[in-house]
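Written out below as structure tokens is the structure these notes cover.
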Amino acid sequence: MMIVNYRRVMQLIVLQWMVNMSSGSLLFDMIDDMSQYFENSLFGRNRFVQSDLFMDENERIMEERYDFIIIGAGSGGSVVANRLSEIADWNILLVEAGRDEIFLTDIPLLAPVMQITDFNWGYKTQPRPKNVDGSGGYCLSMIEGRCNWPRGKAVGGTSVINFMLHSRGSRSDFDKWAADGNPGWSYDDVFPYFLKSEKAHFIRSGDNQRGINPTIYGKNGYLDVTTAPWVSQLRDTFLKAGEALGYQVKDSNDGIPNGFSPIKANLRNGRRVSASKAFLKSIKHRKNLQIEDSAIVTKIIIDPSTKSANGVEYIKNGKLHRVKVKKEVILSAGSLNSPQLLMLSGIGPKEHLMDIGGIDIIEDLPVGLNLQDHVSMAALTFLVNESVTIVEPRIATNYKNTFDYLIRGEGPLTVPAGAEALAFINTANGPKKNTEPDIELVFGIGSMAGDISGALRSIFALPDSWYDDVFDHYRGRDGFSIVPVLLHPKSRGRVKLASANPLESPILQANYFDNQDDLKIIVRGIRK
């Protein structure tokens, strides 16, 4: 006799209901409504979260002082909270603007859809139209000329909505940081901490093991590293194409990523492993760590004479709270919210803060400058004549896919955002050894041609008119995509305050392609 978990059956029913409705805009509202329903009504928070870490608004007894206050429970803050709370005598408060993740955020294939829910801050870049001579500009095809910049608003941060790809980076990048005057940040310095954090478990063998080197990963850490349980026919075709061009098929996480590689991802039993699952849920028994979620930090309290942080202010449920700190306030709110909060707290460019007004200036520093982003081109589509890719109607109407995922943790729903392989290449020198890659190619088994519901269009802020012009004749066709990503942008953007109101989104100036080398490299990447 087979016993089926009640909650899992309900998930199965609701998920199938959702995917069957995916042909209309109702999908997006449903995700948010269902999120609230599952969290608040069906299971209740205590059963769903299964954690003693979260502070209840009605029962909370605030410590007068914490040893450490960590702002932001993302990929950085979650790890710091985990490590600091190893010291039982230290009391730690972790403050996060978002709420806890739900079962829909666990589904790897739905990762892009999570970026159009309230788990995303919803940030957009400032528009930059073309110059009079027709040059310049970016995000020109997007609605209002603004690119979406997804950033996670959840316990777990962007690791709750990202594509789960486990990519360590290049040895040369770390070594450059150390050479620039940052001791302790060389590749050899950080490598032991990769191993300490990772919990690798690769289950494939034979041909499916190509490009995987289990010996370079940690085995006893918190963060699961593996490959998706399901592999398409096209993944190995992509890897073989790389070999035909003279590239190696190798593990891109060995410090020298040049070549083609199957994707490694943060998955467990076919489900997303966020920073929260890895580093917070695993230590829920620790009494010296408390998490204040759904709490927006509005200011770091800084003594203007000593320039030391004494605590933080945050808003929750419309109430202002002040909490003091004994040792340190640790700011880990991400590349956009961290500079915003510093400027709101009086640390930033003096002229800009004076223009904003209403902020006591504590230190004149170039906060918000030197913003860098890995610009990419996400609409490259290659059609195929066989049903071997992900097309929405076929995935949505196949009950076996849903059953395999929920009951076995298998099937195409386990593929992280549909991405299956990577390539790191130097667009000028090709597969020559010892050349630093300047482009990453992300291979996905879906494409814009299969975007029947409009989810991908919403994610990239593309209007229906653009989609109709480009993809109308290919709508619903099988196809794969290859996304070139610029690895070392030379253009520099900026984060600015829109006002002194901490609840107002910052101004994001991407400044893509201000340096023409970026444009030349991304064009070469597209041609590759």
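The values are calculated or read from the model by the stated rules, or taken from the named source; none is laboratory data. These numbers were taken from a predicted model, which means no experiment stands behind them. Cβ: placed from backbone, ideal geometry, glycine included. Neighbour counts: every protein chain shown.
Of the residues that make up segment 387-396, is at least one among the small types (G, A, S), under 30 Å from Y512 (Cβ atoms) and in contact (Cβ under 8 Å) with a residue 24 or more places away in the chain?
no
I'd like the full set of residues that are within 21 Å of the chain's Cα centre (by Cα) and over 20 Å from S387 (Cα atoms), limited to segment 403-437.
L422, A423, F424
Identify the residue in segment 418-438 that is surrounded by 22 or more Cβ atoms within 10 Å (Cβ to Cβ) and of a type in the set (A, V, I, L, M) and, among all such residues, is farthest from R268 (Cα to Cα).
I425
Failed condition for F279, given (1) part of a loop (DSSP other than H, G, I, E, B); (2) buried (at least 22 other Cβ atoms within 10 Å of the Cβ); (3) among the aromatic types (F, W, Y), with all others met?
It is condition (1) that F279 fails.
When only residues in segment 100-155 that are of a type in the set (D, E, K, R) and touching a Ser or Thr at 6+ places or on another chain (Cβ under 9 Å) count, which is surrounded by the fewest Cβ atoms within 10 Å (Cβ to Cβ)?
Once the filter is applied, the top-ranked residue is D118.
Of all residues in segment 83-108, which are of a type in the set (D, E) and part of a loop (DSSP other than H, G, I, E, B)?
E86, D89, E96, D100, E101, listed by residue number.
Restricting to segment 304-325, count the residues that are under 30 Å from the mean Cα position of the chain (by Cα) and closer than 16 Å to I291 by Cα.
Total satisfying the criteria: 11.
Please find, among V80, V95, V113, V155, the residue that is closer than 30 Å to V415 by Cβ and either outside the structural domain of P506 (by the TED database) or at pLDDT 95 or above (or both).
Just one listed residue meets the conditions, V155.
Are any residues in segment 225-276 aliphatic (A, V, I, L, M) and assigned to a strand (DSSP E or B), and if so, which ones?
Residues satisfying the conditions are V225, V249, A265, L267.
A111 versus (1) more than 20 Å from S376 (Cα to Cα); (2) touching a helix residue (DSSP H, G or I) at 6+ places or on another chain (Cβ under 8 Å); (3) in a helix (DSSP H, G or I); (4) not hydroxyl-bearing (S, T, Y): which is the lone unmet condition?
Here A111 clears every test but (1).
Can G184 be described as surrounded by 15 or more Cβ atoms within 10 Å (Cβ to Cβ) and assigned to a loop (DSSP other than H, G, I, E, B)?
No; evaluated as a whole, the condition is false for this residue.
Kindly indicate whether any position in segment 216-231 is out of contact with any Pro (no Cβ under 8 Å at 6 or more places or on another chain), in contact (Cβ under 8 Å) with a residue 60 or more places away in the chain and closer than 30 Å to N501 by Cα.
Looking through segment 216-231, none of the residues is out of contact with any Pro (no Cβ under 8 Å at 6 or more places or on another chain), in contact (Cβ under 8 Å) with a residue 60 or more places away in the chain and closer than 30 Å to N501 by Cα.
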